[in-house]
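Student: Pasting in a structure now, in structure tokens, and then I'll have a few things to ask.
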Amino acid sequence: MTFPVVGMIGGGQLARMTHEAGIPLGIRFRILSDTPQDSAAQVVGDVTVGDYRDLDTLRAFARGCDVITFDHEHVPAAHLRALEADGVVVRPGPDALRHAQDKGVMRTRLAELGVPCPVNRIVADPADVTRFAGEAGGYPVVLKTVRGGYDGKGVWIARSEADAAEPFKAGVPVLAEEKVDFVRELAANVVRSPHGQAVAYPVVESVQVDGVCDTVIAPAPGLPEELSAKAQQLALTVARELGVVGHLAVELFEVRAADGTPGILVNELAMRPHNSGHWTMDGAATSQFANHLRAVLDLPLGDPRPRARWTVMANVLGGDFPDMYAAYLHCMARDPGLKIHMYGKDVKPGRKVGHVTTYGDDLADVRERARHAADYLRGTIDE
Ligand code: ADP
């Protein structure tokens, strides 16, 4: 094999940043994108525009790829099995990926592995949600469609039975969970290769606003060393037991037991580069994107250690600022250490259009700089 061809399904910003990580390695990169305007389609040289739900399109795309991987979890499992039967190398494979595609499957498997999760079960209708609430300590409860959710879409908080009707309208099974009274949200990011080599990034704190990731702090401030090691170990175990190849993000809730003992519960899994790992592009010796590529190609993995004491990533959401580029002048002049990553997406209110990263020794300063740049680019502050 000369330089291999990696085919990524999806043309979003994750594909764009994975492409970027492959350039210095000379890896040839091909994407299957919904439209020519998608974030990655604007910059990748080898773009197929087509529908990932169509098996013939997937087959034609996979021809000539040494490995297929993903920027999202939505490709039907049956199609991936068909590709594997054709001899296509799919990483992560469908048996692993189903745990990131279906929250019900994920919860069942994690329970078998003894991984701590919120109290949960599949519910049949609003009356059943009330029965579940009785089992789980009462309303409010969290309802989730098992498939198709992202950025908080597909997640509802039901405070009463009258509130519980909406999720059932999608015609997809609904998972009920106790509403966890968490201290904060964390993420444990690991990467695993087919050889079974694995690396763990520092556990991060992820701050969500309106169901969307807003800020990520690496490492999670004040996280006790034992809990951090436990979270990393848990993520490595999940990656191994589920046969994950590539990047795995384990989204976690940090909780306190009645006696004050800290603990963690798993919220969900993502088997691809993840927003909670964007900080690694500037803040770690090897980024999540570079390590995802190495893993799917079964190359030795790169050093996951941080480059600075603190790294903060803040997402840039679309706002009212008429010209984000004009905002660069102020942001760059104010903070020469600022790293800006824009995704080439149309600016729509609330949409993730980029992120910024800062790093250094003083957490308060690093946080303030990232927050300022993200807010200024969005246009919510003007100085
Ligand atoms: P998505 O698939 O949209 O990312 P998640 O399952 O991660 O959905 O839920 C989105 C957000 O909703 C979480 O980041 C968390 O803030 C909140 N959430 C989800 N499940 C629970 C729960 N069981 N208890 C409390 N909050 C929850």
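Please treat every number below as a calculation from the coordinates, not as lab data. These numbers come from a predicted model, not from an experiment. Backbone-built Cβ (ideal geometry, glycine too); neighbour counts: all protein chains shown.
Student: How would PHE168, PHE3 line up from fewest to most surrounding beta-carbon atoms within 10 angstrom? Walk me through the numbers on the way to the answer.
Tutor: Details: PHE168 18, PHE3 11.
Arranged by neighbour count, lowest to highest, PHE168, PHE3 become PHE3, PHE168.
Student: Kindly flag which residue pairs out of LYS153/LYS345; LYS103/LYS230; LYS153/LYS348; LYS179/LYS339; LYS153/LYS179; LYS179/LYS230 have an alpha-carbon separation exceeding 25 Å in this structure.
Tutor: Working: LYS153/LYS345 20 Å; LYS103/LYS230 22 Å; LYS153/LYS348 17 Å; LYS179/LYS339 36 Å; LYS153/LYS179 16 Å; LYS179/LYS230 23 Å.
Exceeds cut-off: LYS179/LYS339.
Student: Each label point is 7 Å from the Cα along the Cα-to-Cβ direction; what then is the distance between the points at ARG131 and ASP66, in nm?
Tutor: Modelled inter-label distance: 5.4 nm.
Student: Moving on to the next point. Post the alpha-carbon centroid distance, the range 306-354 to the range 105-155, in whole angstrom.
Tutor: The two parts, judged by their Cα centres, are 35 Å apart.
Student: What full-extension length gain, to one decimal in nm, is calculated for ALA165 and TYR325 as 0.36 nm per residue of separation minus the Cα-Cα distance?
Tutor: 53.2 nm
Student: Relative to 2.2 N^0.38 Å, what does the C-alpha radius of gyration of the chain come to as a ratio? Two decimals please. Please report the intermediate quantities before stating the final value.
Tutor: Numbers: Rg = 20.6 Å, N = 383, 2.2 N^0.38 = 21.1 Å.
For the chain, the normalised Cα radius of gyration is 0.98.
Student: How would you rank HIS330, HIS72, HIS292, HIS274, going from fewest to most other Cβ atoms within 10 Å of each one's own Cβ? Walk me through the intermediate numbers first.
Tutor: Working: HIS330 15, HIS72 18, HIS292 31, HIS274 22.
Final ranking by Cβ density, sparse to dense: HIS330, HIS72, HIS274, HIS292.
Student: Only Lys, Arg, Asp and Glu count, each charged at its Cβ (+1, +1, -1, -1), so figure out the dipole size of the range 120-236 about its Cα centre, rounded to 20 debye. Present the calculation step by step, with values, prior to reporting the outcome.
Tutor: Numbers: 11 positive and 16 negative charges, 75 e Å.
Dipole about the Cα centre, nearest 20: 360 debye.
Student: Report the per residue volume, in Å³, of the convex hull enclosing the C-alpha atoms of the range 62-119. Before the final figure, lay out the partial values.
Tutor: Numbers: hull volume 5.5 nm³, N = 58.
So the per-residue Cα hull volume is 95 Å³.
Student: Rounded to whole Hz and in sequence order, give me ³J(HN,Hα) for the range 204-210 from the Karplus expression 6.51 cos²θ - 1.76 cosθ + 1.60, θ = phi - 60°, writing x for Gly and Pro.
Tutor: Each residue's phi maps through the Karplus curve to give 10, 9, 10, 9, 9, 10, 6 Hz.
Student: How high is the relative contact order of the chain? Use alpha-carbon pairs under 8 Å, at least six apart in sequence, and give a whole percent.
Tutor: Numbers: 835 pairs, mean separation 49.5, N = 383.
Relative contact order here is 13 percent.
Student: Can you list the residues, at least 5 places off or on another chain, whose amide H is less than 5 Å from the amide H of GLY11, using H built in the peptide plane?
Tutor: Answer set, sorted by chain and number: ASP34.
Student: R0 = 41 Å: FRET efficiency of ILE23 with GLU112, Cβ-based, nearest 0.05?
Tutor: Numbers: r = 41 Å, r/R0 = 0.99.
Computed FRET efficiency for ILE23 and GLU112 comes out at 0.50.
Student: Okay, next question. Based on alpha-carbon atoms only, what is the radius of gyration of the range 182-310 relative to the globular estimate 2.2 N^0.38 Å?
Tutor: Numbers: Rg = 13.9 Å, N = 129, 2.2 N^0.38 = 13.9 Å.
So the Cα radius of gyration is 1.00 times the expected 2.2 N^0.38 Å.
Student: Contour minus end-to-end for ASP365 and ARG59, with contour as 0.36 nm per residue of separation and end-to-end as the Cα-Cα distance? Walk me through the numbers before you get to the answer.
Tutor: Numbers: separation 306, 0.36 × 306 = 110.16 nm, distance 4.98 nm.
Difference between extended and current length: 105.2 nm.
Student: Could you please rank GLU112, GLU205, GLU178, placing first whichever residue has the fewest other Cβ atoms within 10 Å of its Cβ? Could the numbers behind the result be given before it?
Tutor: Working: GLU112 9, GLU205 22, GLU178 19.
Final ranking by Cβ density, sparse to dense: GLU112, GLU178, GLU205.
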